[in-house]
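Encoded as structure tokens, the structure appears first; notes follow it.
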Amino acid sequence: MQLSPALACLALGLALVSGEGSALHPHQSQAARLVTDFGVKVFRQVAQASKERNVVFSPYGVASVLAMLQLTTAGETQQQIQAAMGFKIDEKDTATALRRLYKELMGPWNKDEISTTDAIFVQRDLKLVPGFMPHFFRLFRTTIKQVDFSEVERARFIINDWVKRHTKGMISNLLGEGAVNQLTRLVLANALYFNGQWKTPFPNSGTHHGLFHKSDGSTVSVPMMTQTNKFNYTEFTTPDGHYYDILELPYHGDTLSMFIAAPYEKEVPLSALTNILDAQLISQWKGNMTRLPRLLVLPKFSLESEVDLRRPLEDLGMTDMFRPNRADFSSLSDQELLYVSQALQKVKIEVNESGTVASSSTAILVSARMAPEEIIMDRPFLFVVRHNPTGTILFLGQVMEP
């Protein structure tokens, strides 16, 4: 299993928040929670703009790319990114966090496959600030590739091919036609791939068609997987007093799980849950579970999302980097005036009887200016794929209609 170095400073062992993974220093736990919360905050912005649509999102991926972006910016632009993320990239602290997080994520006990890596594609004749690249590489160990964006289609092919290879073909066309042009100077990218088999697979013979209740009151017939087993289960209430169920489905390595959460009453919107979601709440779910026998009925689902991250990031206060007259990328280059022309993420996830396959790619383009007995998830629900020893959230989403 490979871990993206850029992300080590992002996960920083959320574990201590939930009382897990005591290998990490206590002073790091608050930073870990804030950084992990950043990815969830972006998801909340995306979900609010997609109230009736399916969404699958990678908090891990967006946080990785924004961490790299921090190093390229300066002044008010950098301060806005740091304020939204809740931390500053610091080489010494990051190195410590990297070593400890790698020990958790790279351990042989992670039987499920996680592969994640970062890359920076830079215009080959861009005049960089002296020492920028060595400093960047020391901090992130990121793949650095020089490309010629004046050869637009070749540059786009190089980036898309890198993404396709590192997501095992799941994300094949991250940058569409026109995404890259002759003013593009830098592309920061993250690729994440996950393949996990359920600890206890759903029997194929138990899958049947059942009704799923959509948020508008209508129903649709979808394939429902079933199994009777002992599950980690709990129920919580929202600040408004609405009960919701949470159930944990472990993957076979026992370090990764999918958490499924949905309001108990069908008429309560899923937004009652997504609006309060943060890393601490998910850790509280995990810490308050009891193993109970349950019949679980869960729809098979396959989701694909393409998210324009500009509006969510602007809503979190990162406005200057998108404005040609205000963006400050002088830590990267003091020879050209640069700004973020695009920020996007594509994610796919497939959940079936045997397990989960998911992949995401996130990119930022920098351009020059010119508790019931039966738990039946037959209503919109939230899902979280979490590395439990560190609390790192790999994937997060809402299913409004399977």
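The values are calculated or read from the model by the stated rules, or taken from the named source; none is laboratory data. Every value quoted in this text rests on a predicted model; they were computed, and no experiment measured them. A quick note on method: Cβ atoms are made from the backbone with ideal geometry, for glycine too, and the neighbour counts reach across all protein chains shown. These accessible areas exclude ligands, DNA and RNA; they are computed on the full protein's heavy atoms, side chains included. Shrake-Rupley method; radii C 1.70, N 1.55, O 1.52, S 1.80 Å.
Descriptive notes on the structure:
- Net charge of Cβ neighbours under 15 Å - reference LEU309; Lys, Arg +1; Asp, Glu -1: +1
- Of the residues LYS286, LYS168, ranked by 1.4 Å probe accessible area with the largest first, the sequence reads LYS168, LYS286.
- Rounded, prolate or oblate (a/c below 1.5 giving rounded, otherwise prolate when a/b exceeds b/c) for the stretch 292-331 by Cα gyration tensor: prolate
- A straight line joining the Cα centroids of the stretch 372-402 and the stretch 298-338 runs 26 Å.
- Across LYS300, LYS266, the residue with the most accessible area heads the list, and the full order at a 1.4 Å probe is LYS266, LYS300.
- Volume per residue of the convex hull around the Cα atoms, evaluated for the stretch 317-392, comes out as 207 Å³.
- For the stretch 212-261 versus the stretch 148-170, the gap between their alpha-carbon centres in whole angstrom: 37
- Gyration tensor (alpha-carbon) shape descriptor, the stretch 251-351, a/c threshold 1.5: prolate
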